[in-house]
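First up is the structure itself, then whatever we jot down about it.
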Amino acid sequence: MKVILDMDPGVDDALALILALNSKELEVLAVTIVAGNTSLSNATINALRVLELIGCDVPVAMGESKSIMGYELAMPFTFIHGYDGLGDLNLPIPNKKAESIHAIDLIIDKLKSHSYGEITIIATGPLTNIAKFIIKDYEVAKKVNQIISMGGAFNITPYGIGNQTPVAEFNIFRDPEAASIVYNSRLNVTAVGLDVTMNPSIFIDKEMHKKILEKDTKTSKFVANIIKRSIENYGFFAPHDPLAVAISIDPKLVKIMPLHVKVETKGEFTRGQTIIDKRWWVKKKEDEKSNVNVCVDVDGKRFLDMFMERVVENW
């Protein structure tokens with residue numbers, strides 16, 4: 001499967017990138033960057049750092065630093081991602097630079113040069129780049145096989161509550177207008193939300209972190225160090241973004257429900273909330289049919305086995 005990774009690296013984005021590059025099932029055509037976990041410039045440098053660290057040459061293009069409504073997207077969680085977005089490991093500045101082309105145009109170019117249904121987009125940051133790409137060239141956007149978005153808190157499981165606000169997940173909250181555009185695009189959209197990424201069965205806990213450290217390899221040291229802050233602060237690390245990549249490799253890792261989802265863009269306390277309309281009579285309306293495939297359960301052991309094999313050991 002050919003994929004474009006749209007991300008805001010970010011610790012879990014970095015791990016998602018390694019997982020994608022170490023999976024023979026995937027061919028990474030490009031990495032496009034959006035601000036979110038850290039600034040646009042930091043996120044771009046971090047993607048290039050990871051690529052250089054593991055010896056892969058994939059084009060990286062900078063995208064949007066502001067939301068559809070013009071707000072700054074970056075909202076760094078230094079207690080998880082550090083000040084540089086990558087755990088403050090002080091990795092060297094990469095030799096390679098980002099492409100001169102804008103991320104949105106790179107996505108369009110890649111789709112134009114491939115057949116319908118050949119490319120999947122995996123978005124692990126705010127959906128600003130993706131929404132603007134859809135607006136700019138919807139006919140090209142229809143060539144996308146699937147958009148897999150890490151985002152949303154759908155309240156379908158006990159874990160599907162907000163992490164940015166009581167009801168909103170970070171990526172959706174940073175640009176709910178963009179999420180609404182993507183969800184209502186009539187494209188094939190799958191949401192990997194907190195309902196599954198906060199399921200404890202996929203957590204890297206202190207015991208697993210210790211096992212990663214004990215391997216004493218280049219890989220294990222990198223992984224252990226960039227998730228260290230989360231382990232110290234919370235006792236676990238939730239691999240949100242790697243799960244979004246993992247289901248592109250093995251869709252059976254998750255259970256999916258097609259649902260009609262609306263994104264709240266105006267509420268004082270609910271902005272960024274992903275709302276499922278469960279009313280039985282609404283489902284019969286043509287314009288209210290399911291628009292998002294929402295992940296509602298995950299095989300945690302199967303995912304962690306894949307993560308350990310491909311991210312920690314296979315490098």
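When you go through GLY55, GLY10 one by one, which is the residue that is under 13 Å from the mean Cα position of the chain (by Cα), within 23 Å of GLU309 (Cα to Cα) and modelled with pLDDT under 95?
GLY10
List every residue pair whose Cβ atoms lie under 7 Å apart, where the two residues are 6 or more positions apart in sequence or sit on different chains, the first residue falls within segment 23-43 and is in a loop (DSSP other than H, G, I, E, B), and the second residue, located anywhere, is among the aromatic types (Phe, Trp, Tyr).
ASN37/PHE77
Working carefully through the options THR265, THR274, find the one that is crowded, with 21+ Cβ neighbours inside 10 Å and either farther than 23 Å from ASP84 by Cα or of a type outside the set (Val, Ile, Thr) (or both).
Details: THR265 fails: crowded, with 21+ Cβ neighbours inside 10 Å.
The match here is THR274.
When segment 184-201 is examined, which residues are found to be more than 19 Å from MET7 (Cβ to Cβ) and in a helix (DSSP H, G or I)?
Selection gives ASP195, PRO200, SER201.
Hey, any hits in segment 239-261 for a residue that's more than 22 Å from GLY162 (Cβ to Cβ), surrounded by fewer than 16 Cβ atoms within 10 Å (Cβ to Cβ) and under 18 Å from the mean Cα position of the chain (by Cα)?
Yes: segment 239-261 contains one or more residues that are more than 22 Å from GLY162 (Cβ to Cβ), surrounded by fewer than 16 Cβ atoms within 10 Å (Cβ to Cβ) and under 18 Å from the mean Cα position of the chain (by Cα).
Identify, please: which residue in segment 137-170 is among the hydroxyl-bearing types (Ser, Thr, Tyr) and either surrounded by 18 or more Cβ atoms within 10 Å (Cβ to Cβ) or touching a helix residue (DSSP H, G or I) at 6+ places or on another chain (Cβ under 8 Å) (or both) and is, among those, farthest from GLY193 (Cα to Cα)? Break it down into steps so the answer makes sense when it comes.
As a first pass, look at segment 137-170 and keep what is among the hydroxyl-bearing types (Ser, Thr, Tyr): 138, 149, 157, 159, 165.
Still in the running and either surrounded by 18 or more Cβ atoms within 10 Å (Cβ to Cβ) or touching a helix residue (DSSP H, G or I) at 6+ places or on another chain (Cβ under 8 Å) (or both): 149, 157, 159, 165.
Working: SER149: 8, THR157: 10, TYR159: 9, THR165: 14 Å.
That would be THR165.
Please find, among LYS283, LYS252, LYS262, the residue that is farther than 28 Å from LEU17 by Cβ, modelled with pLDDT of 95 or more, not polar (S, T, N, Q) and not in a loop (DSSP other than H, G, I, E, B). Spell out the reasoning first.
Numbers: LYS283 fails: modelled with pLDDT of 95 or more; LYS252 fails: farther than 28 Å from LEU17 by Cβ.
That would be LYS262, the only listed residue that is farther than 28 Å from LEU17 by Cβ, modelled with pLDDT of 95 or more, not polar (S, T, N, Q) and not in a loop (DSSP other than H, G, I, E, B).
Within segment 215-238, does at least one residue satisfy the condition of being assigned to a helix (DSSP H, G or I), touching a Ser or Thr at 6+ places or on another chain (Cβ under 9 Å) and modelled with pLDDT of 95 or more? I'd like the intermediate steps shown before the answer.
Initial filter on segment 215-238 (assigned to a helix (DSSP H, G or I)): 218-226, 228-234.
Now narrow it down to the ones that are touching a Ser or Thr at 6+ places or on another chain (Cβ under 9 Å): 229.
Restricting the remaining residues to those that are modelled with pLDDT of 95 or more gives none.
No.
Free of Cβ contacts under 8 Å to residues at least 40 places away in the same chain, in contact with an Asp or Glu (Cβ under 9 Å, 6 or more places away or on another chain) and more than 19 Å from VAL312 (Cβ to Cβ), is that true of LEU73? Give the steps one after another, and end with the answer.
Working: free of Cβ contacts under 8 Å to residues at least 40 places away in the same chain: no; in contact with an Asp or Glu (Cβ under 9 Å, 6 or more places away or on another chain): yes; more than 19 Å from VAL312 (Cβ to Cβ): yes.
Answer is no for this residue.
The values are calculated or read from the model by the stated rules, or taken from the named source; none is laboratory data. As the structure is a computational prediction, the values presented were derived from the model and not from experiment. Counting neighbours? That spans all protein chains shown, and the Cβs are built from the backbone with ideal geometry, glycine included.
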